[in-house]
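A.B. asks: One structure coming up, written as structure tokens, with questions to follow.
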Amino acid sequence: MGADEEGVPPSDRGSGDPLDAGPTVLLVDAPEVPDVEAPPSRWWPLLVGAILVVAAVLRLANLGHGALSPDETYSAVSAHLPLGEIPGWISRTDPHPPLFYLLLHPLASAGASDAQLRALSALCSLAAVGVMAWWQRRRGWQGLLATFLFAIVPFQLAYGREARMYGLLTLLGVVAAAACWRWLGRPTRGWAALAAVAALAAALSHASGLVLLPGLLLLPGLRRDRDAWEWRAAIVAAGSVFLVLWGSVLARGSRGTTYHSYTTLGNVSISLNEMVAAVPSNRLIMLPLLMLGVAAVIATDRRMGRVLVCAGLVPAAAALVIGFKEPIILPKTFVVVGWVVPVVLAGLVAVAWRKIPVAGALVLALLLVEIVPWIGPTLDLTADTDGVVSTVVRGAADGDAIAAHPEGTMMRWYLADRRAGNEHPIDLGLPDTTAFVLGDGPWNGRVWVVDATYINEPLPIDAPSCAPEAQYGGFHVRCLQLDPTSAAPSAGLVP
């Protein structure tokens, strides 16, 4: 491996590490390409600037489109609590640690709009593109292509625009990978500390972020020099801090209902394919391209191959192993290693171009055909709650009650907030249900019941209907006429 981008030679590798002995990270008998390629100095800043503008527009434009999803609503409710109560609330109700909710607290407590609540994640996702551009700046047009793909891949747009922790996870995953890259070229305590802090923050943001730690621990391989031990010490320290802060909560296991799946060939293929775009029919094309891209990077770029394995493939494999026991497999489980997709696809184009330029051009054209048409539909997606809000909030009048079943869905808070008027809690005598009455006046007997059918069956209620029933994905909405004398005051809506 040659000198790093500042011209500083790497430290002594005389450790017997087999990964350092050959020309490639997996000992594939292939010629090594230079670790560093000089970027086109005149055009690179302009091109990167254009990519960042595209990334900003795709992530920040029309952030208020569509109502908050159930998960986003949970984020808003949790972050709206007093700062000191958030960790305890999260530990009781969510399998994921509380860092993102703490960061979102200033916005939520100030009564932020949907767009503002989503802005934190969107800005983190945009920052991730900027870090990718900085990281890849010395890798010539291949690095530029990786940055461009990272900016437009629908997977990144879908999760980078939610009021959830996925934009933050994306940023932390890229920072950790970039720190690995720089450390391999110039091993210093600063890069080790940065990788450790990024991995710790990822672990404290989402349960899937924890898988970064074992992968990063493997980066030095079998090296026994001081730099390698300092790297290991930094990663172990990060893991120890996580265990002190959240280990006891993690040991209690997951809580609540989940849509996640176990590790099966079908679930894995769907998740990997959707790391590009949520188009199931693309699996036959994208999965082979991703696998060929991984092979291309590993076989031709020793330094990037090592980062790919330790900061990307090993964490993903760890998640798959856990998935045999716990249902954690969904595309968003792999957000923290989402940078792998653009890097390996750009690597595949580069290898094909070096061998046969026409083949490289065809691969690039195929990628654009598989990615670009799905950008618009991804930005237009709305959650099931969009229909709920449209039907209930716009249809209900002052004096009507709105009831959420089960109460743990947080729909009661969300609908009350979106009504943006006076409301007061009420006890309708319905099991596992919370409700409030719109306006200052008494309840008139009409109640809009919002059942979260993705959790439980609709609550059986024998009462006349006052509006057509509606089904919006995982939600069932009914308007019923009950006896207005059957209600009693309630304790409130705040969790």
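A.B. asks: Do any cysteines of the chain lack a neighbour Cys whose Cβ is under 4.7 Å away, and which are they?
C.D. replies: When partners are defined as cysteine Cβ atoms under 4.7 Å apart, the chain leaves CYS124, CYS180, CYS310 without one.
A.B. asks: Let me ask another. Pulled fully out, how much extra length does the chain show between GLU457 and ASP427, if you take 0.36 nm times their separation in residues and subtract their Cα-Cα distance?
C.D. replies: Value of the extension gain: 8.7 nm.
A.B. asks: I've got another one for you. For labels at LEU52 and LEU265 in the simple 7 Å Cα→Cβ model, what's the distance in nm?
C.D. replies: So the two model labels end up 4.6 nm from each other.
A.B. asks: Grab the Cα-Cα distance for VAL321 and THR188, subtract it from 0.36 nm times how many residues apart they are, and report the gain in nm with one decimal.
C.D. replies: Difference between extended and current length: 44.7 nm.
A.B. asks: Counting only C-alpha contacts under 8 Å and six or more residues apart, can you give the relative contact order of the chain as a whole percent?
C.D. replies: Reported relative contact order: 16 percent.
A.B. asks: OK, next. Which value, in nm² and rounded to one decimal, describes the direction-averaged projected area of the C-alpha convex hull of the chain?
C.D. replies: 24.2
A.B. asks: If you don't mind, there's one more thing I want to ask. So how do 176-185, 101-110 stack up, highest first, on mean other-Cβ count within 10 Å?
C.D. replies: The densest-packed peptide leads the list: 176-185, 101-110.
A.B. asks: So what is log10(I(q)/I(0)) for the range 219-370 at q = 0.09 1/Å, when the Debye sum runs over its Cα atoms only?
C.D. replies: -0.39
Just so you know, all these numbers are worked out from the coordinates, no wet-lab data involved. All values reported here derive from a predicted model rather than from experimental measurement. We place every Cβ from the backbone using ideal geometry, glycine too, and count neighbours over all the protein chains shown.
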